[in-house]
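Student: Would you mind keeping the following structure in view while I ask a few things?
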Amino acid sequence: MDGAALLWGLLFGSIGLGFVIYGRRQSKPVPFLCGLGLMGFPYLVDGTLWLLVIGLSLIAIAYFVRT
């Protein structure tokens, strides 16, 4: 794993923590689940490009899907 992937993983994990806190306090399942995904997927993905694609997709899902 290179330095860029570590930094992107840290960024997505921090955003995921914010989504988890928001989803739990507002009782909204989509941001909560996307936050859990953002915190967990950097451990499973090896590659900066896939890290960016999956991370940005999860952020977009949490932002655009309103439930």
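The values are calculated or read from the model by the stated rules, or taken from the named source; none is laboratory data. Being a predicted model, the structure only gives us computed values, none of them experimental. Virtual Cβ from ideal backbone geometry, glycine too; neighbours counted across all protein chains shown. The protein model used for the area step is the full one, side chains on, heavy atoms only, and it has no ligands, DNA or RNA in it. Shrake-Rupley method; radii C 1.70, N 1.55, O 1.52, S 1.80 Å.
Student: Out of curiosity, is Ala4 of a type in the set (Gly, Ala, Ser), under 10 Å from the mean Cα position of the chain (by Cα) and open to solvent by 30 Å² or more (accessible area, probe 1.4 Å)? First the steps, then the outcome.
Tutor: On the way: of a type in the set (Gly, Ala, Ser): yes; under 10 Å from the mean Cα position of the chain (by Cα): no; open to solvent by 30 Å² or more (accessible area, probe 1.4 Å): yes.
It is false that Ala4 is of a type in the set (Gly, Ala, Ser), under 10 Å from the mean Cα position of the chain (by Cα) and open to solvent by 30 Å² or more (accessible area, probe 1.4 Å).
Student: Only residues in the range 38-67 that are farther than 17 Å from Gly18 by Cβ count as the first member; pair them with residues that are open to solvent by less than 60 Å² (accessible area, probe 1.4 Å) and assigned to a helix (DSSP H, G or I), Cβ under 6 angstrom, at least 6 apart or cross-chain, and list the lot.
Tutor: Val45/Leu51; Thr48/Ala4; Thr48/Ala5; Leu51/Ala5; Ile54/Phe41; Thr67/Val30
Student: From the list Gly40, Gly9, Gly55, pick out the single residue that is outside any loop (DSSP other than H, G, I, E, B) and surrounded by fewer than 17 Cβ atoms within 10 Å (Cβ to Cβ).
Tutor: Gly40
Student: Taking the criterion of being more than 13 Å from the chain's Cα centre (by Cα) and on the phi > 0 side of the Ramachandran plot, would at least one residue in the range 28-35 satisfy it?
Tutor: Looking for residues that are more than 13 Å from the chain's Cα centre (by Cα) and on the phi > 0 side of the Ramachandran plot, one finds none in the range 28-35, hence no.
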